[in-house]
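First comes the structure, then the notes that go with it.
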Amino acid sequence: MDQPEKKMKVLIVEDDTFSRQYMASVVRLGKYELMEARNGVEGLKLFESFAPDLIFSDISMPVMDGLEMLERIRRRSHDTIVIMTTAFGSAEFTLKALRLRANDYLVKPILPKDISAILKKYAGVLSARSVEREVVGLILERNLKMKLDNRLEMLGKVADRLMQESEGRISPADRMGIRLGLLEIMINAIEHGNLDITYFDKTRATESREFDLHDLIVERGNKEPYKSRRVHIQFQMTAEMCEWVITDEGTGFDWRSVPDPNDPANLMSMHGRGIMLARLNFDEVIYIERGNQVILRKRLQPAN
Ligand SMILES: Nc1ncnc2c1ncn2[C@@H]1O[C@H](COP(=O)(O)OP(=O)(O)OP(=O)(O)O)[C@@H](O)[C@H]1O
Ligand SMILES: [Mg+2]
């Protein structure tokens, strides 16, 4: 018999009543369970009692701010997805939040479609999340090759399958970051690589109400030459490290000019953070030649 689908639990932590209610109204449009808190202390209480899957949190708030709340949450859970909502111009804090292991961020003013897009992306991750299995952690070497078509909605499951391969070898504190970093790079391989959607197209989509990125993705996905392009994934785990090589069949890009993730000035645009999020979570992110191939590496603790 089919299990009833479990609703993703969302917590919004925001001191500004208008912003909080506005975000809540967007979240309520989807199938989510929702709770709201007005500051970090309330947020932390609800983190304990409500056990949210995903938290949207403001950074500057009275009583306890978002950074302190995040720090306390991360002492308890590495699996709760935390998305900071940050004011334009507060890049230093955003970077601090990412270092404290926030998973993503939204820059205010936040549009309904930004919230829906984030919920959709992470709902896929959560529904596919696998259970930790001890035996797999005893395996020292593994190899896996996958070939994907351009269905973005499959990527949550693919990331999940890839995480299973390294189960028990990557520390629990690092797993969610790795999973989301893989997701960002695979999204890029389809979106920018195979479907040839440019940085400019994405900017246009965030700025214009008429131009919809999803429509362009669907249109390209049904048209040659984009349609028959594939993404190739090669995973290898040795005693020392995990390595993922992700190759698309697009034309590549000038990866040498991707903004430095350590410069806060680069954090404030509405997109352009996928590569940065990956860089924060892997030990190495290496683009090869024309940029249609990425090597991601994570060094491992010695197995017991
Ligand atoms: N595989 C790829 N093929 C071609 N271009 C790419 C590829 N990966 C990244 N890029 C280019 O690098 C830019 C930055 O990628 P990044 O993932 O950091 O941000 P984004 O995809 O623009 O936005 P976001 O990931 O935040 O939604 C992209 O806009 C695109 O121009
Ligand atoms: Mg991206």
Estimated dipole of the stretch 8-127 in Debye, rounded to 20 [Cβ of Lys and Arg +1, of Asp and Glu -1, Cα centre]:
340 debye
So for the pair Leu126, Ala87, with labels modelled 7 Å out along Cα→Cβ, what separation do we get in nm?
2.8 nm
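With the Cα gyration tensor of the chain in hand, give its eigenvalues times 5 under a square root as the equivalent ellipsoid semi-axes, listed largest first in whole angstrom. Kindly include the intermediate steps, with their values, before the conclusion.
Values: eigenvalues 171, 121, 74 Å².
Over the Cα atoms of the chain, the ellipsoid semi-axes are 29, 25, 19 Å.
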Nearest-0.05 FRET efficiency for Arg28 and Asp79, computed from C-beta distance (R0 25 Å)
0.55
Counting as exposed only chymotrypsin sites (Phe, Trp or Tyr not before Pro) in DSSP loop states with no more than 15 other Cβ atoms inside 10 Å, the longest exposed-site-free span of the chain is 89-210
Quote the FRET efficiency, to the nearest 0.05, computed for Met64 versus Thr198 with a Förster distance R0 of 51 Å and r equal to the Cβ-Cβ distance.
0.80
Inter-centroid distance (Cα atoms) of the stretch 36-88 relative to the stretch 138-154, Å
32 Å
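Placing unit charges on C-beta atoms (Lys and Arg positive, Asp and Glu negative, everything else neutral), compute the dipole magnitude of the chain about its Cα centre in debye, rounded to 20.
Numbers: 45 positive and 47 negative charges, 100 e Å.
Using only the charged Cβ atoms, the result is roughly 480 debye.
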Among bridges DSSP assigns within the chain, what percent are antiparallel (round to 5)?
55 percent
Just to be sure I understand the rule: take each whole DSSP H helix in the chain, project its Cα atoms onto its long axis, keep it if the span is 24 Å or more and its mean Kyte-Doolittle hydropathy is at least -1.0. Which ones pass?
172-188
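What's the carbon and sulfur percent of the chain's accessible surface, probe 1.4 angstrom, rounded to a whole number?
Values: 8040 of 15690 Å².
Answer for the chain: carbon and sulfur cover 51 percent of the accessible area.
For the chain, what is the calculated [θ] at 222 nm in deg cm²/dmol (nearest 500), taking -39500 (n - 2.57) for each run of four or more DSSP H residues and dividing by its residue count?
Values: 10 runs with 112 residues, N = 304.
Roughly -11000 deg cm²/dmol at 222 nm, from the helical runs in the chain.
Compute the FRET efficiency between Thr238 and Glu153 as 1/(1 + (r/R0)^6), taking r as their Cβ-Cβ distance and R0 = 35 Å, and round to the nearest 0.05.
Rounded to the nearest 0.05, the efficiency is 0.65.
Largest first and in whole Å, give the semi-axes of the stretch 154-283's equivalent ellipsoid, each being the square root of 5 times a Cα gyration tensor eigenvalue. Write down the numbers at each step before the final one.
Details: eigenvalues 143, 75, 34 Å².
Semi-axes (√(5λ), whole Å): 27, 19, 13.
Using the heavy atoms of the protein chains and a 1.4 angstrom probe, tell me the accessible area per residue for the stretch 135-299 in square angstrom. Kindly include the intermediate steps, with their values, before the conclusion.
Working: 8070 Å² over 165 residues.
Heavy-atom SASA per residue in the stretch 135-299 reads 49 Å².
Starting from the eigenvalues of the Cα gyration tensor, five times each then square-rooted, give me the equivalent ellipsoid semi-axes of the stretch 8-127, largest first, whole Å. Display every interim value, and only then the final one.
On the way: eigenvalues 66, 53, 42 Å².
They are 18, 16, 14 Å, listed largest first.
The values are calculated or read from the model by the stated rules, or taken from the named source; none is laboratory data. Not measured: the values here are computed from a predicted model. Glycine gets a Cβ as well: all are built from the backbone with ideal geometry, and neighbour counts include every protein chain shown. Heavy atoms of the whole protein, side chains included, go into the accessibility calculation; ligands, DNA and RNA do not. Shrake-Rupley method; radii C 1.70, N 1.55, O 1.52, S 1.80 Å.
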